[in-house]
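> One structure coming up, written as structure tokens, with questions to follow.
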Amino acid sequence: MGNLLRQYWMPFIKSEDLDLDGEPKRVKLLGEDLIAFRDTDGRVGLMAHNCPHRGASLFFGRNEEAGLRCVYHGWKFNVDGTCVDMPNEPAESDFKHKVRANAYLTHEAGGAIWAYMGDRDHPAPFPDFEVLSLPADHLYPPLLMLGESNWVQSLEGDLDSSHIDWLHSKVDPNSTRVGTHHYDRQPRFHVVPTDYGAFYSAARTRDADSGKMWHRITQFILPFYTMIAADQPKQVHVRAWVPLDDCHNLEWHFMGRLDRPVTEEEGAYARDPYGAWHGWAQQTSDPLTRYATAANIRNDFLLDRGLQKDLFVGVPFLVNLQDRVATEPMGPIYERWNEHLGTTDVMCIYMRRRLIDAARRFQTEGVLPANAERAELDRVRPASMLLDPGDDWIAATEHARSVDPHADLAAIPLIGELIASTKNA
Ligand code: FES
Ligand SMILES: [Fe+2]
């Protein structure tokens, strides 16, 4: 699976977290211990943390004059891993031309720095998500959190619309707390495989009177991207579940506006989305503390049993905090043979099979999923629509699922509308 993941670009740190000639930062990605730094020219290097000489950690390196200099014997490497200085060897030696640091390609987009860790002659095309093509001031700062479980286990929440009626619900529909309250809590799932992954509809009866079916259509884009059913007509997004190692992932939420620049206030919220629930944890140089929330598995997410009178789970609905209450305490890699999967698990089942098939096919035949070669396949949208019960939802949502810069998203708010429909019900 790691070899498959290496064939895609992966976001690993916020752009603003690396300063020009600033401190090198430790990075964990696909189980590798790496060092990231931004050089004098603004370029970003990402390389193995062990110096290729005798293994000193480049974390302690000096970021100076367009390169990172190891503090043990002074060898210096530029962002592409070339050894540009070997001051302890004789001046006439050409040894420095034979040594390279193991560096990966990097690219900046959407307020993040991305890495390509593959070894193909031609690196993968950069993903072509609609949100990443918006003007920079239309983008929110990327919204992040550290997840402390296997990346697939975390990702599954986005492919399981059923849980929004429980984990994200409020007990009293009239409560002012943020939470869902739906008329129909038995969604019917329908999965449609595509060349980039799949999309699915979770269909619910909208209310007691209208007879409409509410289709929430979510995209899964290989290898770890999701676009949750559209909630706001002017907002586009993509979420990424990036494996740091087998038991930790970075959950990225790239979001932007079609209609206008993001305001200061909106940007401030995205920088501190957990402020209402104890905020960020203390960060150290350990990459497994970066973007970590104060409420986490070691303190039971600061669960408030009193709050369970209002909210089903007793932790507020802030990004994926409630989801982590469900997916992390099951264990960082849950033993799947203990599961009993029902009809609302079909998208999770499909995604698991698709990932395993893609990894096997790459291993045995060297063939990659189509979107590892053709980034334009990533240009899709999620949707949320009301249709009549007999409608062909796939045909009816075809335009809504494609990127049209002149059209809003087909969206239905997850929360506000739900309060209205509850009153109807
Ligand atoms: S170990 Fe880095 S220069 Fe010697
Ligand atoms: Fe969720």
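FYI, it's all coordinate maths here, none of it is from the lab. Because the structure is a prediction, the values reported are computed rather than measured. For neighbour counting, all protein chains shown are included, and Cβ atoms are generated from backbone atoms with ideal geometry for every residue, glycine included.
> Can you list which of the trypsin sites (Lys or Arg not before Pro) found in region 25-71 are DSSP loop residues with at most 10 other C-beta atoms within 10 Å?
Values: sites: LYS25, ARG26, LYS28, ARG38, ARG43, ARG54, ARG62, ARG69; in loops: ARG43, ARG54.
Passing sites in region 25-71 are ARG54.
> Given VAL84, VAL238, HIS340, which one lies farthest toward the positive end of the charge dipole of the chain, if we put +1 on the Cβ of every Lys and Arg and -1 on the Cβ of every Asp and Glu?
HIS340
> Going by average Cβ density within 10 Å per residue, which order do the peptides 3-13, 272-282, 145-155 take, highest to lowest? Please report the intermediate quantities before stating the final value.
Values: 3-13: 21.9, 272-282: 14.7, 145-155: 23.6.
Highest-to-lowest ranking by the protection proxy: 145-155, 3-13, 272-282.
> Moving to a separate point now. Just going by the charge dipole of the chain, with Lys and Arg at +1 and Asp and Glu at -1 on Cβ, which of HIS248, MET385, LEU68 is farthest out on the positive end?
HIS248
> Taking θ = phi - 60°, what integer Hz values does the Karplus form 6.51 cos²θ - 1.76 cosθ + 1.60 yield along region 275-286, in sequence order, with x for Gly and Pro?
Whole-Hz 3J(HN,Hα) from phi for region 275-286: x, 6, 9, 6, x, 8, 7, 4, 9, 10, 7, 6.
> Oh, and also: Sort 220-228, 327-335 by packing, meaning the average of other beta carbons within 10 Å per residue, with the highest value first.
Working: 220-228: 24.4, 327-335: 15.1.
The peptides rank, most packed first, as 220-228, 327-335.
> Taking amide H positions as placed in the peptide plane 1.01 Å from N, state which residues far from SER402 in sequence (5 or more) or on other chains have amide H under 5 Å from it.
Under 5 Å from the amide H of SER402 lie the amide H atoms of ARG381, each far enough along the sequence or on another chain.
> Now for a separate question. Mind putting a number on the dipole of region 1-117 about its Cα centre? Charges go on the C-beta only, +1 for Lys and Arg and -1 for Asp and Glu, and I need it in Debye to the nearest 20. Spell out each step's value before the answer.
On the way: 14 positive and 17 negative charges, 91 e Å.
In total the dipole reaches around 440 debye.
> With charges only on Cβ, +1 for K and R and -1 for D and E, what is the dipole size of the chain about its Cα centre, in debye, rounded to 20?
On the way: 44 positive and 62 negative charges, 132 e Å.
Result for the chain is approximately 640 debye, rounded to the nearest 20.
> With a bin width of 5 angstrom, please list the P(r) values of region 31-109 as percents of all Cα-Cα pairs, from the 0 bin to the one holding the largest distance.
Once binned at 5 Å, the Cα pair distances of region 31-109 give 3, 18, 30, 26, 15, 7, 2, 1, 0.
> Remind me, what semi-axes does the chain give for its equivalent ellipsoid, largest first in whole Å, using sqrt of 5 times each Cα gyration tensor eigenvalue?
Working: eigenvalues 342, 109, 81 Å².
In descending order, the three semi-axes are 41, 23, 20 Å.
> Magnitude of the Cβ-charge dipole of region 153-278, K/R +1 and D/E -1, about the Cα centre, nearest 20 debye?
Details: 13 positive and 18 negative charges, 91 e Å.
Dipole magnitude for region 153-278 comes out near 440 debye.
> Using only C-alpha positions, report the orientation-averaged shadow area of the convex hull of region 212-271, nm², one decimal. Numbers along the way, then the final one.
On the way: hull surface 24.5 nm².
Projected area, direction-averaged: 6.1 nm².
> Give or take rounding to whole Å, what are the principal axis extents of the alpha carbon atoms in region 153-265, in descending order?
For region 153-265, the Cα extents along the three principal axes come out at 45, 39, 30 Å.
> If I take the Cα coordinates of region 291-371 and project them onto the principal axes, what are the three extents in Å, biggest first?
Its Cα atoms span 55, 33, 23 Å along the three principal axes.
> Here is a follow-up. Assuming a strict under-16 Å limit between Cα atoms, what lysine pair count do you get for the chain once near-sequence pairs (fewer than 8 apart, same chain) are dropped? Please report the intermediate quantities before stating the final value.
On the way: LYS14/LYS25; LYS14/LYS28; LYS76/LYS96; LYS76/LYS98; LYS170/LYS309; LYS170/LYS423.
For the chain, the number of qualifying lysine pairs is 6.
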